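The values are calculated or read from the model by the stated rules, or taken from the named source; none is laboratory data. Note that the structure is predicted; figures quoted are calculated from it, not measured. Every residue, glycine as well, gets a Cβ built from its backbone with ideal geometry; the counts of neighbours run over all protein chains shown. Only protein heavy atoms, including side chains, enter the accessible area calculation; ligands, DNA and RNA are left aside. Shrake-Rupley method; radii C 1.70, N 1.55, O 1.52, S 1.80 Å.
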Amino acid sequence: MKSSLLAPAALVASVLAGATATAHQGPDPIAHWVFNSRSVEGDICHARLGPDLRLEGEYRVAADAGGEALDLLGWNRVTASDAESARLRPGKSLTVAAWVLIDEAERWGGIAGQYGESGPEWVLGYDSDTFTFTIASVDADRPTEIVSKAPYQKGKWSYVVGVYDGESMQLYVNGRLEASSDAPEGAIVTTTPSSLVIASRPDRPDSYPLRGRLREVSLYDLAAKQEWVAHTFDHFKQLVNLQPDARGDALAMVVEPYLQFGTQDGMTVMWQTTQPGTSIVHYGETDACENTVTADDASIHEVRIEGLEPETMYFYRVETTDEEGQSVGSGVSTFSTAVREGTPFAFTIISDTQFNPVVSGKLSELAWAQRPSFLLHPGDLVDTGTNDAHWTQHFFPGMRPLISRVPFYPVLGNHEQNASNYFEYVSVPSPEYYYDFRYGDAHFFMIDTNRNVDPSSEQYRWLDKALGDSKATWKFACHHHPPYSSDEDDYGNLWKQNKSTGGDLRARELSKLYEKHGVDIVWNGHIHSYERTWPVRENKAVSADGPIYMIVGGGGGNLETAGPIRPFFQNQVRRSHHYVMAHLNGETLELRSYDLDDRLFDTVRLEKSR
């Protein structure tokens, strides 16, 4: 079979210092897109060959030391129409080639692919570490995926090529064969309708668009040989050697400003930019933001404002300036410092936001409409803690309407995986995986139930002392795993047999301390539903004088269902996405729970006796 692969025409000699190579001779691709200022006009990328592409989302054409490329800044999608996509089907043989720069890891990322109603036909993609190539052939039961041996380097250019000849598939990275397989055979699956999608992966429910840059994508109905791939890469290998900081104009906001650990006299402001730069917060009691606080250069910026007045509203905005003198900033937002003891306040509780910024975004807007003082988050902020994009494209965009105006106080869930991302994005007192804070007449105790919490553990001993020392009117605890739950299958499959632990037995060890020290409410997540218990003491429901346990795991994760029986501890249970508002005034506490349509579905009022 005759094979060939053209050199990327986009990488003309003028964009690379010292590069004088001309395009390699050979058959034309069936489609070729170059993403530069000459081809990108509004929301259209005009093709060199093949159909034009439609651009959706956040993008710009930007330059680095190697030339121009499409800089993908957030949610994005690049597609050909279904009719045009159908004309691009390569049949039995395929080569797809792309120059790509990945800024953020993704569990299932797409560079380019063809997708039908039943799934992918072919995909050139990447995961959290490596590049991938997938083929669905008519003679195979399921799609075959191969994975590169070497990991990609974030922030650096790579030339990635997937090849299929009807009998075998290969994946090349920077001219080298990285993976191959003889598993698929026959023509590539075709379905109607079918869509060509670039910079996204619509077949994966928890994938998100590519964050990085695309220089060009080429598609051939021929299978390239290894020497052609190596020869093509060799012309423009200078791109691979560009340093990440050579992307001089790439300074942009990755995570918009959000708030951490508010006290009566201080607030922490955090945000993230694509490049390191000086961190500046402008703040004040008017929208002029006449005061400033500056911190050292960073990409994840953390600035503490001190010397504030209690119970006071402030305006703030942020600014980052890099070493090239370029600046990026935010609009003006507001926050309030913590209240004094004796002042009424309210806060909201949302948990298990995970991979659903649509749901968490709506909940955060509904909660903000009630003007809480802060957010309590019992864990599973994201679906995969090690995945950068799950923070920058799931959690922070979804929660932005709320956490740009009020601080959030989280604990680690199991999905955070104890990843460094959590500790980089969250600023709470050391050791961070457990801590406490005072707010008005309440004292909050934040625990990590992914770690040991038995009576001999560090957390148990700390909690025993901290609870005993607290003189607060109200004591609240927050950790991810629920000591009591009526869930159908997490603690024993109640649809197959009648045995269940009724909750997490490891976390239930802490109940002894909650009963000993008069903890009022324990907030948990992990189970994606809502549940409120009666007061519980010594593993029995009581009318008073026992902690109430509340599961508030309806922040965005896939919903779960209660088992077929009502256990002794259950007061209220509901399968829905939701948020909870807690209103505290002296010795009165009111809890109100709302669904995704903002309908009130549960209330409780607690009174403290003097």
16 Å reach of a label modelled at Val358, 7 Å along Cα-to-Cβ, counting backbone N of the range 539-557: 555-557
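Please report, in debye to the nearest 20, how large the charge dipole of the chain is about its Cα centre when each Lys and Arg carries +1 at its beta carbon and each Asp and Glu carries -1 there.
Its charge dipole is roughly 960 debye.
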Principal-axis tilt of helix 458-469 within the chain, Cα atoms, nearest 10 degrees: 40 degrees
Protection-proxy order for peptides 137-143, 314-320, each taking the mean of Cβ atoms within 10 Å per residue, highest first: 314-320, 137-143
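If Thr343, Thr132, Thr294 are ordered by their accessible area, calculated over protein heavy atoms with a 1.4 Å probe, which sequence runs from highest to lowest?
Numbers: Thr343 40, Thr132 5, Thr294 90 Å².
I get Thr294, Thr343, Thr132, largest accessible area first.
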Relative contact order (%) - criterion: Cα under 8 Å, at least six apart; region: the range 428-543: 24 percent
In the range 112-215, the chymotrypsin sites (Phe, Trp or Tyr not before Pro) that fall in loop regions by DSSP, at most 11 other Cβ within 10 Å: none
Pairwise label distance in nanometres, Asn291 with Asn585, each label 7 Å out on the Cα-Cβ vector: 3.1 nm
Tyr152 long-range amide H proximity, modeled H, under 5 Å: Thr130, Phe131
Violating pairs (Cα-Cα greater than 30 angstrom) within the set Lys149/Lys362; Lys512/Lys608; Lys154/Lys225; Lys475/Lys499; Lys149/Lys237; Lys362/Lys512: Lys149/Lys362; Lys475/Lys499; Lys362/Lys512
Per-pair calculated FRET efficiency, R0 = 56 Å: Phe568 and Ala140 via Cβ, rounded to 0.05: 0.60
222 nm mean residue ellipticity, helices alone, for the chain (DSSP H n ≥ 4; -39,500 (n - 2.57); rounded to 500): -3000 deg cm²/dmol
For the range 197-340, alpha-carbon Rg and Dmax in angstrom: 22.0, 72
Charge dipole of the range 317-377 about the Cα centre (unit charges at C-beta), most positive-ward option of Thr320, Ser360, Thr343: Thr343
At R0 = 35 Å, FRET efficiency that the Cβ-Cβ distance of Glu185 and Ala83 yields, to 0.05: 0.75
Alpha carbon centroid spacing (whole Å) that separates the range 300-322 from the range 108-132: 41 Å
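When DSSP beta bridges are limited to those with both residues in the chain, what percentage is antiparallel, rounded to the nearest 5?
Working: 138 of 155 bridges.
Within the chain, antiparallel bridges account for around 90 percent of the total.
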Relative packing of peptides 303-313, 59-69 - highest average C-beta neighbours within 10 Å first: 59-69, 303-313
On Cα atoms only, tilt of 357-369 relative to the major axis of the chain in degrees: 40 degrees
From the coordinates shown, semi-axes √(5λ) of the Cα gyration tensor in Å corresponds to which of [x] 55, 27, 22; [y] 50, 29, 19; [z] 41, 29, 26: [y]
Carbon + sulfur, % of accessible area of the chain - ligands and nucleic acids excluded, 1.4 Å: 46 percent
Nitroxide proxy distance, nm - points 7 Å out along Cα→Cβ at Lys471 and Lys499: 5.0 nm
Residue-normalised accessible area of the chain, given per residue in Å² at a 1.4 Å probe: 39 Å²
For the range 325-446, radius of gyration divided by Kirkwood radius, i.e. Rg to Rh on alpha-carbons: 0.97
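Using a 10 Å cut-off on Cβ atoms, rank the peptides 578-586, 173-181 from the highest mean neighbour count down. The partial results should precede the final answer.
Details: 578-586: 20.9, 173-181: 17.7.
Result, highest mean Cβ count within 10 Å first: 578-586, 173-181.
At 0.36 nm per residue, minus the direct Cα-Cα distance, what do Ser37 and Glu324 gain on full extension? Give it in nm, one decimal, please. Walk me through the intermediate numbers first.
On the way: separation 287, 0.36 × 287 = 103.32 nm, distance 2.25 nm.
Net length gain for the segment: 101.1 nm.
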